[in-house]
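Notes follow the structure.
Bear in mind that the values in this text are calculations on the coordinates, not laboratory data. Not measured: the values here are computed from a predicted model. With ideal geometry, Cβ positions are generated from the backbone for all residues, glycine too; neighbour counts draw on all protein chains shown.
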Amino acid sequence: MNAIDKIYSNTVGISFFWKREANVLMPRVQLVFRDIGFLLTLNELKDFSDSCTTTRQSQCCNECKDLKNCRSLLLSTPSDKIDLAVSKDELDQIHELINGTIFRVELKNWIKNVSLN
């Protein structure tokens, strides 16, 4: 774990910066959940959060007996070639992971900018 700086985690995943990207002007965030990793900019994270909101408004199929655990929702990812089949519970956890990450990255940037003034 010495190669990373953890940003945020919850029951579904973790987000962090790779230390090797610490000196990069616009470091990307590694977001990992469900055996999948995404290396994203802050703007891509925000787009991913918007995709979660849009997907949340989708309906499950009519035959679902277990709406919370049925993976009938398709979540668009920042990669236009990849969508993920998720349940409502997974979607909520992924959305919370993304939003918590965005909040902490923006807070870190704000504190860094305030300290420069």
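The mean sequence distance of close C-alpha pairs (under 8 Å, at least 6 residues apart), as a share of the length of the chain, puts its relative contact order at 23 percent. Compared with the dominant principal axis of the Cα atoms in the chain, helix 42-56 is inclined by about 20°.
Over the chain, dividing the summed -39,500 (n - 2.57) contributions of all DSSP H runs of at least 4 residues by the number of residues returns a 222 nm mean residue ellipticity of -13000 deg cm²/dmol.
Specify the longest stretch of the chain that does not include any exposed loop site, a site being one of the trypsin sites (Lys or Arg not before Pro) with a non-H, G, I, E, B DSSP assignment and at most 15 other Cβ atoms within 10 Å. Between the exposed loop sites, the longest stretch runs 82-117.
Inverting the pair-averaged 1/r between distinct Cα atoms of the range 66-117 gives 13.1 Å as its Kirkwood hydrodynamic radius.
The candidate values are [x] 13.9, 45; [y] 15.8, 58; [z] 13.2, 37; the one derived from this structure for Rg and Dmax of the Cα atoms in Å carries the label [y]. The alpha-carbon of K88 sits under 18 angstrom from the alpha-carbons of these lysines, leaving out residues fewer than 8 places away in its chain: K65, K68.
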